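This report refers to the structure that appears directly beneath it.
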Amino acid sequence: MSASHDIHHHPDEALLLAYAAGTADEATSLVVATHMHFCVLCRMQGRTLESLGGAMLDELTPAPLAGDALQNTLARLDQVTPYERPRRAASRDGTPAVLRTYLGGDLRDVRWRRMGPRLSFVELFRRRDVTVRLLRGVPGADSGAHSHAGAELTLVLKGGYTDVTGNYGPGDFQIADAGLVHNTVADPGEDCINLSVTHGALRFEKLLQKIAGPFFGF
Ligand SMILES: [Zn+2]
């Protein structure tokens, strides 16, 4: 799975910096890391930020250590059993490795939960008011006009969609602020599959979706 078109939409600098510094929450880290699977530009920028952070740490004045600190550390190392990374079969459909950790396998093996004839989803995890899901729409499917209680981060994995802010294809990253009201419509061609991080509940405009949303945990 790689971006077959140029990536036009990237995480902003604040997100990249939080990711590089290790201060981003788990959901944000997952969606930024998955974007980096597609985007060489952000991978490079992430590395630059990491090394800048490292250089700043080098500037700090070292604190004095206890006289036996080195000996104690070496003694403890002897007691550590080396960690062996569990072997995992390679992806058969190019699913990014960081995402496979959460899926327990490949994108093509996901067991989708249907929300009507055109949309389906699967929830990956929740941490307080943050929910991470995969969303899938057949060509022409629309999410229904909605706004957000908090920011919504969306990364396109396959296919594409269009909303009032533009067109998004594989690897593209959208940051929708709480104020944005938008209706995402899946582009023609293949099904659109997105990785989505939402903060708080979605606020649908239409009555039917207002009622249906909470049933599916949206
Ligand atoms: Zn990027």
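The values are calculated or read from the model by the stated rules, or taken from the named source; none is laboratory data. Just so we're clear, the structure is a prediction, and the values are computed from it rather than from any experiment. Cβ atoms come from the backbone with ideal geometry, glycine included; neighbour counts cover every protein chain shown.
Do we have L202 as modelled with pLDDT under 85 and over 25 Å from G104 (Cβ atoms) here?
Numbers: modelled with pLDDT under 85: yes; over 25 Å from G104 (Cβ atoms): yes.
Taking the combined requirement at face value, the residue satisfies it.
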* Asked: Can you pull out the residues in the stretch 18-76 that are among the aromatic types (F, W, Y) and not in a helix (DSSP H, G or I)?
  -> none
* Structure fact -> For the stretch 154-171, pairs from a residue that is touching a residue at least 12 places away in the same chain (Cβ under 8 Å) and assigned to a strand (DSSP E or B) to a residue that is among the hydroxyl-bearing types (S, T, Y) and within 13 Å of the ligand (Cβ to nearest atom), with Cβ under 8 Å and 6 or more apart or across chains, are T154/Y168; L155/T34; V156/Y168; L157/T34; Y161/Y168; T162/Y168
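What number of residues in the stretch 186-215 are within 20 Å of the chain's Cα centre (by Cα) and buried (at least 17 other Cβ atoms within 10 Å of the Cβ)? Even if it seems obvious, please write down each step before you answer.
So the first thing to find is which residues in the stretch 186-215 are within 20 Å of the chain's Cα centre (by Cα), and the list is 186, 191-202.
Retained after the next criterion (residues that are buried (at least 17 other Cβ atoms within 10 Å of the Cβ)): 186, 192-199, 202.
Qualifying residue count for the region: 10.
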* Odd one out for G53 among (1) within 16 Å of the ligand (Cβ to nearest atom); (2) in contact (Cβ under 8 Å) with a residue 24 or more places away in the chain; (3) touching a helix residue (DSSP H, G or I) at 6+ places or on another chain (Cβ under 7 Å) -> (1)
* To do: Go through the stretch 27-45 and give me each residue that's over 17 Å from D172 (Cβ atoms) and touching a residue at least 24 places away in the same chain (Cβ under 8 Å).
  => A27
* To do: Being more than 18 Å from the chain's Cα centre (by Cα) and buried (at least 20 other Cβ atoms within 10 Å of the Cβ) is the filter; apply it to the stretch 142-162 and report the residue that is nearest to L15 (Cα to Cα).
  => H146
